[in-house]
Amino acid sequence: MRIRATVAAVSGALVLSAFAVPAAQAADAPSGKAALSAATADGSATAAATLNVTFSKFKVNNGKAIVVGASAKVAVPVTYTLTHAAGLDVSSDNFASGPLIYRGTSVTSPANEIISDDPGTCTAASTTVLNCKATIYIRPADDDLANAEAVTWKAGGLAINADGSKTQGDLGTVAVRRAAQLTADATPEPVKKGKTITVTGKLSRANWETHKNAGYAGQPVKLQFRKNGSTTYTTVKTIKTSSTGTLKTTVTATVDGYFRYSFAGTSTTSAVNATGDFVDVK
């Protein structure tokens, strides 16, 4: 479930109330999982008592940056620990917990927030401790992200039952990056030894607002070569992409091998290597 500030005008009260079902409605309340999704979807519930639970040991995407393409849905695994009061019935169908990531200074007033669609599963480690895992889905095609949001996000947790709710932020950080693509084409092939080889290519990255890839201008990219029979690429030279993200340079043919371009990535964009293009040197 996603809540974008630009769409839902998220406020602290709304974020908290989105996960709570009033005690007066407990008899008619949906199960915890259903309430988690339904209440978040329409923000219709009102705030209730805070649950006596604490989230800890958050690990988002196995500690790696989340790389998101132009339109394809991305599944982000999350594991965490939930500690609860001994008297809280976490086995009830009315109880559910789940992870979220958010951007901004506070989980109760985020600039953007993406919440797990499915609370996932929890296993009891003791009478008051649950080890949990869930998945957060990021859907760029549904405008979950703006290009400016390729930054470091924070992790948080939420829990709900028929009587109350709990949201907790500042449980870790995770980088969200725009996916890059890179191509390489070496010509002519075959080529005579000592002749010139021209290697062209293009560096592009996801545009989350148009849902297409666009050229990435002015970026340093390495031209690399791997001799036929070797497993190691070495850097030949470094060039920069054009205003449209294209690449073009020349080298002298010496031996059979593979040419590729390699991009180290930036704070907003993932690293990527082009597929090596084989050149037969006669």
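The values are calculated or read from the model by the stated rules, or taken from the named source; none is laboratory data. Here the structure is a predicted model, which means the values were calculated and not measured. Positions of Cβ are generated from backbone atoms using ideal geometry, with glycine treated the same way; all protein chains shown enter the neighbour counts. For accessibility, only protein heavy atoms count, side chains too; no ligands or nucleic acids. Shrake-Rupley method; radii C 1.70, N 1.55, O 1.52, S 1.80 Å.
So here's what we get for this one:
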| quantity | calculated |
| --- | --- |
| Difference of contour (0.36 nm per residue) and Cα-Cα distance, Thr254 to Lys212 | 11.3 nm |
| Within straight-line cross-link reach of Lys133, aspartates and glutamates at Cα separation under 15 Å, skipping those fewer than 8 residues along the same chain | Asp117, Asp118 |
| Tail beyond 21 Å, pair distance distribution of region 53-145 (Cα, percent) | 38 |
| Charge sum, other residues only, whose C-beta stays under 9 Å from Leu223's C-beta, Lys/Arg counted +1 and Asp/Glu -1 | +3 |
| Solvent-accessible area per residue, Å², over region 86-137 with all protein chains present [probe radius 1.4 Å] | 43 |
| In sequence order, calculated HN-Hα J values of region 217-229 (Karplus, 6.51, -1.76, 1.60; Hz; x Gly/Pro) | 7, x, 9, x, 10, 8, 8, 10, 10, 10, 5, 4, x |
| Cβ-based net charge around Gly265, under 11 Å, with every Lys or Arg adding one and every Asp or Glu removing one | +3 |
| Sum of side-chain charges, Gln181 neighbourhood, beta-carbon under 12 Å (Lys, Arg +1; Asp, Glu -1) | +4 |
| Count of Lys pairs (Cα-Cα under 13 Å; at least 8 positions apart or interchain) in region 193-282 | 10 |
| Spatially proximal aspartates and glutamates relative to Lys57 (Cα-Cα < 16 Å; intrachain offsets below 8 disregarded) | Asp170 |
| Sorted peptide list for 60-70, 167-177, criterion being average Cβ within 10 angstrom, highest first | 167-177, 60-70 |
| Thr135-Ala75 pseudo-label distance in nm [points 7 Å out on the Cα-to-Cβ vector] | 0.3 |
